[in-house]
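Each value in this text was obtained by applying a stated rule to the coordinates, not by laboratory testing. Worth saying up front: this structure is predicted, and the values here are computed from it rather than measured. Counting neighbours? That spans all protein chains shown, and the Cβs are built from the backbone with ideal geometry, glycine included.
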Amino acid sequence: MALLGGSVCGAMGVFVVLWRMSLVGMCVSHAAFAGALLALWLGAPPLAGGLAASLGAASAVGPLAEKPGFSLDTAMGVVFSVVMSLAMLALGLMPGARTEGLSLIWGSLLTVTLFDLQLMAATALLLFGFVFLFFKEIEAIMGQRHAAVAAGIPVKGIYYACLILMGLVVAFALKAIGGLLIYALIVTPAATALQITYRLSRMFLLAALFGAMASVAGLWLSFHWAVPPGAVIVLVSSAILVAAMVFSPKKACRIEQASPVEQSNQG
Amino acid sequence: MNPCLAELRNVSVHYGKRCILNGINLRIEKGDFWTLIGPNGAGKSTLMGLFNGLTPHNGGTVYFKGKSVSSDMLGEVRRQVAHVFQATDLDPKMPLSVFASVLSGTYGRLGLFRWPGKKEKNLAMQSIEIVGLAHLAQRPIGHLSGGERQRVALARALAQEPELLLLDEPTAALDWRAQRDICNAVATLRETFNLTVIMVTHDLNAVFALAQKVAMLRAGGMLWQGGAQEAVNADLLSRLYDVPIQIAHSGERMAALF
């Protein structure tokens with residue numbers, strides 16, 4: 001599960017980082033968290049609650065993000081506050097020891113069932129199949145979205161499919177990684193891969209690899225130190241990001257290329 | 001008279017109660033080079049977006065190749081109309097090469113579930129050569145200057161093999177040399193491929209140098225349209241921009257002074 005969940009979250013993060021969907025991604029992942037806690041409080045399966053909330057949030061924030069002249073920053077800030085309040089409210093109202101509820105905050109890879117694993121495997125197949133089938137469209141949209149729309153590429157369809165996939169990834173990885181930290185595992189490996197490569201295909205592979213590495217290493221450390229795995233996974237992932245930023249080949253590359261570009265401007 | 005490629009007939013655009021364009025008529029013939037000029041907020045970019053359906057209209061009819069542009073034929077129209085936008089900032093770390101960016105111009109025509117082959121790759125490389133960036137083909141696009149990035153956008157538009165090329169302020173925020181490079185590249189493309197071009201610009205000198213026909217927009221209405229030679233009129237331009245404008249002559253070249 002650590003390998004699978006880490007790689008799926010990492011690959012998902014490529015969309016979040018390159019399409020600048022950070023706020024949207026944060027809202028979807030925290031909505032899943034709130035949905036799972038509310039379901040738990042109501043006595044329903046948390047997986048179903050998380051799935052419904054994340055898919056609901058994904059389909060609600062998509063049209064909001066498209067609205068011209070709409071302040072997405074502000075709207076996402078409000079939505080984020082509301083879903084976090086709902087999550088805390090559900091946790092507060094929960095009777096008893098709240099062990100299951102608390103485990104949704106920090107995550108618990110050790111309680112993952114075979115069914116959870118099968119769901120995550122199916123999501124991984126969907127995500128990597130999506131990337132393979134629509135790779136050229138994903139590349140065309142990156143950094144030149146208006147031009148892609150104008151060229152007749154179905155940008156909206158691909159964007160919405162991506163939001164739905166994010167909803168699925170978050171809902172199915174929630175139990176293992178935890179609601180507070182899953183978003184970090186989505187963004188950090190992709191941000192790490194961005195420090196290293198200029199090729200999109202490699203960025204997907206590296207992000208998946210860094211996600212899997214952080215999950216396995218984090219799980220191993222959390223087992224030995226007897227601490228929540230989600231927190232350790234995210235800290236390991238962040239450490240890899242810092243190392244990648246320090247040793248990024250892109251830093252040297254940009255310094256070297258600065259002079260020829262300058263010359264071509266002048267000459 | 002050349003055959004008509006696109007036409008706006010009595011087109012109006014409203015955003016809520018606000019009228020952006022009102023009763024616009026414009027006929028674009030094959031091979032024309034139109035420039036749209038006017039003050040900020042006049043509706044130039046909105047008008048340009050009518051030709052590929054990026055701007056939804058509330059009244060009148062937009063025609064492309066004789067057919068009324070409706071929502072169900074937007075994909076077909078967009079594959080034949082290339083649109084170059086103003087230069088925007090890009091992350092220098094963006095994992096996208098100049099070649100990959102230009103190649104993406106072929107993807108609209110290629111359609112879903114089909115991968116670019118030799119034909120598309122050759123087309124992309126030729127487009128890069130035409131805009132003079134062959135030596136930068138493998139460079140990450142985020143490393144280019146604003147002017148070079150606009151030439152990449154032109155190459156991407158060219159790789160689309162369009163019937164109509166829309167240029168939305170392609171020289172905005174660029175230095176003099178980059179502006180000249182873009183203007184030269186546009187002129188070369190037009191001559192080589194007999195492209196039909198509509199360009200929105202604030203650069204009157206580019207209008208005088210490049211355009212055959214000029215449409216002047218003011219407050220959502222068409223103030224004037226006609227030949228480029230007749231558009232070089234100090235009174236008309238002064239009325240358009242609401243500032244006194246003079247025309248200076250230097251040899252065969254003309255320049256607007258304000």
Cβ-defined net charge surrounding B:GLU163, 15 Å radius [Lys, Arg +1; Asp, Glu -1]: +2
Cβ charges +1 (Lys, Arg) and -1 (Asp, Glu), total dipole of chain A, debye: 220 debye
In degrees, nearest ten, helix A:182-194 long axis to first principal axis of chain A (Cα): 20 degrees
Semi-axis lengths (Å, descending) of the ellipsoid that matches the C-alpha gyration tensor of chain A: 33, 23, 16
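Which loop-located chymotrypsin sites (Phe, Trp or Tyr not before Pro) does the stretch B:109-217 contain, where loop means any DSSP state but H, G, I, E or B and the Cβ has at most 10 other Cβ atoms within 10 Å?
Taking the stretch B:109-217 and a limit of 10 other Cβ atoms within 10 Å, the loop chymotrypsin sites (Phe, Trp or Tyr not before Pro) found are B:PHE113.
About the Cα centre of the stretch B:154-258, what is the dipole size in debye to 20, counting +1 per Lys and Arg Cβ and -1 per Asp and Glu Cβ, all else neutral?
Working: 8 positive and 12 negative charges, 17 e Å.
Roughly 80 debye, rounded to the nearest 20.
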Where a label projected 7 Å from the Cα of A:ARG20 along Cα→Cβ would reach, residues of the stretch B:67-91 with amide N under 19 Å: B:84-91
With Cα atoms, 0 to 90° folded angle of helix A:249-266 axis to chain A main axis: 40 degrees
The stretch A:87-178, relative contact order [Cα under 8 Å, separation at least 6], %: 52 percent
Simple label model, 7 Å out from Cα along Cβ direction - B:GLU29 to B:TYR15, nm: 3.5 nm
Listed residue (B:THR188, A:LEU165, A:ALA150) projecting farthest to the positive dipole end of the protein assembly as shown, Cβ model: A:LEU165
Normalised contact order of chain B, rounded percent, pairs of Cα under 8 Å and 6 or more residues apart: 24 percent
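Hey, what did the stretch A:8-69 get for relative contact order, percent, Cα under 8 Å, at least 6 apart?
On the way: 54 pairs, mean separation 17.2, N = 62.
Reported relative contact order: 28 percent.
Work out the length of the dipole vector of the stretch B:177-230 about its Cα centre, built from +1 on the beta-carbon of each Lys and Arg and -1 on the beta-carbon of each Asp and Glu, and round it to the nearest 20 debye. Provide the component values of the computation, followed by the final result.
On the way: 5 positive and 4 negative charges, 15 e Å.
Taking the Cα centre of the stretch B:177-230 as origin, the dipole is about 80 debye.
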Of B:GLY111, B:ALA6, B:GLY132, farthest towards positive along the dipole that unit charges on Lys, Arg, Asp, Glu beta carbons give the stretch B:4-257: B:GLY111
Label-to-label distance, nm, for residues given as A:SER248 and A:ASP73 (7 Å Cα→Cβ offset): 2.2 nm
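Divide by every residue of the protein assembly as shown the summed helix terms, -39500 (n - 2.57) for each DSSP H run of at least 4, and state the resulting mean residue ellipticity at 222 nm, rounded to the nearest 500 deg cm²/dmol.
Numbers: 23 runs with 308 residues, N = 525.
The per-residue figure over the protein assembly as shown is -18500 deg cm²/dmol.
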Helix axis angle, A:229-246 relative to chain A longest principal axis, alpha carbon, degrees: 10 degrees
Shape of chain B, Cα gyration tensor, a/c cut at 1.5: oblate
Dipole of chain A [Lys/Arg +1, Asp/Glu -1 at C-beta], most positive-end residue of A:THR74, A:ALA140, A:GLN118: A:ALA140
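If you restrict to DSSP beta bridges whose two residues both lie in the protein assembly as shown, what percentage is antiparallel, to the nearest 5? Walk me through the numbers before you get to the answer.
Numbers: 27 of 44 bridges.
If I count the DSSP bridges inside the protein assembly as shown, around 60 percent turn out antiparallel.
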Coil-residue trypsin sites (Lys or Arg not before Pro) of the stretch B:1-88, DSSP, other Cβ within 10 Å capped at 13: B:LYS17
Centre separation in Å (Cα based) which lies between the stretch A:190-255 and the stretch B:35-53: 46 Å
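What FRET efficiency, computed as 1/(1 + (r/R0)^6) with R0 = 22 Å and r the Cβ-Cβ distance, is obtained for B:ASN58 and B:ALA219, rounded to the nearest 0.05?
Values: r = 17 Å, r/R0 = 0.78.
So the FRET efficiency works out to roughly 0.80.
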Descending Cα extents along the principal axes, the protein assembly as shown, whole Å: 86, 52, 42
